[in-house]
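Have a look at the structure below before the remarks.
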Amino acid sequence: RRQRQMCIRDSLRNVSVEEVFDYLNFMAAPGDLYHKKYVNHSIVPFINSVLKYLSDIPEKYLGSIRRENLENALVQLDLLMRRVYTVKTKGEKFITVKVGIIISLLKSELLEHRIQAIRLLASTCRTAKQGYYSSTSTANDKTVLKSLLKVPMLIEEIFGKRSHIELIHRSTEILNFFLLSETIDKEQFNTIWECCEHDEQSKIEILKVISDASRLLHSELVGFIAEKYAAKAKKTLKDQDIELLYKLSNEEVSTKKESMDKIVDIIWKVLIGEIHGVSAHVKNCLLYTSP
């Protein structure tokens, strides 16, 4: 028995991702021979080997990963694990391997892989967020939350020096989750904000992502944004800047009066013409929709 387990484990050490995915498809196929001994002696060691392999995919095999194959492999792995583990154990193991895959793909030099990582992370965050709102949150939802908290490098990988416009505009669900679970602090949010300085297109996407998540911003982060705009004392702002500030001024958050005063002051200066660069359309919206 021990020899068989070692053979199964060792057999995945030097194989490609495609071969591992093929093994998963074969092992997860319905069959009538799934008796207890087969599960204990073969299926469980195989699953453990696959989890270990996918949690830290060798860099030389990353290039062969394709979105469709990865999605199918995760489905097959989920089906296989349902046969041998409880819901709680399956959830813990499954989310661990997903986070491992995300990290491996994010560290890749290929944009295609990094986009795959963001898609997988966004869908994982979406599931976790739904469980967060539900009064009957499953063990898997709680595990998602716990696992993601162990990966602070996600913010740096998505919004840091290696950020890309294709990653940023897919990150709304990710930022929503971090804000909802209160796992993002001012320093990490500053990493996101500094991404605005890369180029104009990145700034537009970042402001859109933050604007979409504005209802989840807590008072400290609203104050951070207000201070950033007030400190720059710009004479020129873009429509996206004002749209974000206006949205913050109307969100039901317990923002400090000092921060709200700064936001309102900037909006007022736009209306009276002290700050330029804002389109007539946005000015009219401010005039006719302001409380």
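The residues of the stretch 91-121 that are open to solvent by less than 10 Å² (accessible area, probe 1.4 Å) and among the aliphatic types (A, V, I, L, M), listed by number, are ILE95, VAL97, ILE101, ILE102, LEU105, LEU106, ALA117, ILE118, LEU121. Evaluating ILE8 against the criteria (1) modelled with pLDDT under 80; (2) open to solvent by 40 Å² or more (accessible area, probe 1.4 Å) leaves one unmet condition, (2). Filtering the stretch 137-160 to residues that are modelled with pLDDT of 85 or more and not in a helix (DSSP H, G or I) leaves only GLY160. Just one residue in the set GLU243, GLU220, GLU182 is among the acidic types (Asp, Glu) and at positive phi; that residue is GLU182. Checking each residue in the stretch 216-238 for being open to solvent by 20 Å² or more (accessible area, probe 1.4 Å) and not in a helix (DSSP H, G or I) picks out HIS218, ALA233, LYS234, LYS235, THR236, LYS238.
Quick check on the stretch 164-181. Is at least one of its residues farther than 23 Å from LEU106 by Cβ and out of contact with any Phe, Trp or Tyr (no Cβ under 8 Å at 6 or more places or on another chain)? Scanning the stretch 164-181 turns up no residue that is farther than 23 Å from LEU106 by Cβ and out of contact with any Phe, Trp or Tyr (no Cβ under 8 Å at 6 or more places or on another chain). Residues that are closer than 27 Å to THR127 by Cβ and either of a type in the set (D, E, K, R) or out of contact with any Asp or Glu (no Cβ under 9 Å at 6 or more places or on another chain) (or both) were ranked within the stretch 193-215; the one that is most open to solvent (accessible area, probe 1.4 Å) is ARG215. Applying the criterion of being assigned to a helix (DSSP H, G or I) and among the hydroxyl-bearing types (Ser, Thr, Tyr) to the residues of the stretch 29-56, the residue that is modelled with the lowest pLDDT is TYR38. Under 6 Å between Cβ atoms, at least 6 apart or on separate chains: pull out the pairs that start in the stretch 65-82 with a residue that is assigned to a helix (DSSP H, G or I) and exposed (fewer than 15 other Cβ atoms within 10 Å of the Cβ) and end on any residue that is among the polar types (S, T, N, Q) and at pLDDT 85 or above. Between residues of the stretch 65-82 that are assigned to a helix (DSSP H, G or I) and exposed (fewer than 15 other Cβ atoms within 10 Å of the Cβ) and residues that are among the polar types (S, T, N, Q) and at pLDDT 85 or above, the close pairs are ARG67/GLN116.
Please list, ordered by first then second residue, the pairs with beta carbon atoms under 8 Å, 6 or more apart or interchain, first in the stretch 168-192 and under 16 Å from ALA122 (Cα atoms) and small (Gly, Ala, Ser), second modelled with pLDDT under 90 and open to solvent by 30 Å² or more (accessible area, probe 1.4 Å). Close Cβ pairs (under 8 Å, with a partner that is modelled with pLDDT under 90 and open to solvent by 30 Å² or more (accessible area, probe 1.4 Å)) amount to SER181/TYR132; SER181/LEU145; SER181/LEU149.
The values are calculated or read from the model by the stated rules, or taken from the named source; none is laboratory data. The model shown is predicted, which means the values in this text are computed figures rather than measured ones. Note that we place each Cβ from the backbone using ideal geometry, even for glycine, and neighbour counts take in every protein chain shown. Heavy atoms of the whole protein, side chains included, go into the accessibility calculation; ligands, DNA and RNA do not. Shrake-Rupley method; radii C 1.70, N 1.55, O 1.52, S 1.80 Å.
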